[in-house]
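Inspection log for the structure reproduced underneath, given as structure tokens.
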Amino acid sequence: MSITTKRPKIKETVGSLYYNFNTMTENGEFDPESYGTTVKSEVAKTITTTDNATTTTVRASGKDYETVNQSASVENEVEVIALDPEDLAKMRGDDVHENGLILGGAPRRRPFFAFGKVVKKVGGAVEYVWYPKCQLTENTDEATTSEDEFSEQTDTVTITAYAFDEAGNTSVRVNSEMSTFPEDLTEEKFFEAPILDDAGLTAATTPTA
């Protein structure tokens, strides 16, 4: 037998953020067939991803019979230097009037949207991730007084991703370090539209006539 040594590439930086609002059904439910235009935003400072998974051990006949893993949701805590105010208001479910007045805080239903992120690694490797069914669940807005020198002021939004298919998947991703990474796949192609399955990735990588 032999030993294979692997040297996975280390992370270098977070890349662009992407989001695409979902057009919900008449009943206000998520519609996997209906999205708008993808927005690219180069505002990310940090992204902390937490998988809210639960593990239950089923015991029978005095021993562990089965372990059941369930992933209820995934939280992305995103620190940004700025966010488009209209899109943030839409994520919050605010009531935006034609005269510019914004009413917020009432218990309105927040829209679903797809959220995408890029992780860049040393040596040019990348990971592209789509979370097709998300909602904004928390955001902090802090402003401080200016000093003699310019100081960065950041906001934090928490974007929660939910299962988007019957299997319970919450994300779709590709990683250029893997042998299965599609040839000629670029960041622009992957994030042009939310990808939910094999057919979506095939469409993104198929050359157009």
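Bear in mind that the values in this text are calculations on the coordinates, not laboratory data. These numbers were taken from a predicted model, which means no experiment stands behind them. Positions of Cβ are generated from backbone atoms using ideal geometry, with glycine treated the same way; all protein chains shown enter the neighbour counts.
What GluC sites (Glu not before Pro) in segment 99-144 are in a loop by DSSP, with at most 10 other Cβ atoms within 10 Å of the Cβ? Within segment 99-144, the qualifying GluC sites (Glu not before Pro) (loop, at most 10 other Cβ atoms within 10 Å) are 142.
By how many nm would the segment from residue 39 to residue 23 lengthen if fully extended, with 0.36 nm per residue of separation less the alpha-carbon distance?
Numbers: separation 16, 0.36 × 16 = 5.76 nm, distance 1.49 nm.
That works out to 4.3 nm of additional length.
Could you tell me the center-to-center distance, by alpha carbons, between segment 148-194 and segment 1-31 in angstrom? When both Cα centres are located, 3 Å separates them.
Distant-in-sequence amide contacts of residue 181, defined by a placed amide H-H separation under 5 Å and a gap of 5 or more residues or a different chain, comprise nothing. The peptide list 93-105, 152-164, 18-30, 109-121, put in order of mean Cβ contacts within 10 Å with the highest first, becomes 109-121, 152-164, 18-30, 93-105.
For the chain, lysine pairs with C-alpha atoms less than 17 angstrom apart, excluding pairs fewer than eight positions apart on the same chain, total 18.
Please tell me the relative contact order of the chain in percent, rounded to the nearest whole number, where contacts are Cα pairs under 8 Å and at least six residues apart.
Numbers: 390 pairs, mean separation 44.4, N = 209.
It comes to 21 percent, rounded to a whole number.
For segment 1-90, the relative contact order is 23 percent, taking Cα pairs closer than 8 Å that sit 6 or more residues apart in sequence and dividing their mean separation by the residue count.
Sparsely packed loop sites in segment 1-32 (the trypsin sites (Lys or Arg not before Pro) outside DSSP H, G, I, E and B with at most 12 other Cβ atoms within 10 Å) comprise 6.
Over the chain, the reciprocal of the mean inverse Cα-Cα separation, the Kirkwood hydrodynamic radius, stands at 19.6 Å.
Evaluated at q = 0.20 Å⁻¹, the base-10 log of the normalised Debye intensity for segment 18-68, with identical point scatterers placed on the Cα atoms, takes the values -0.85.
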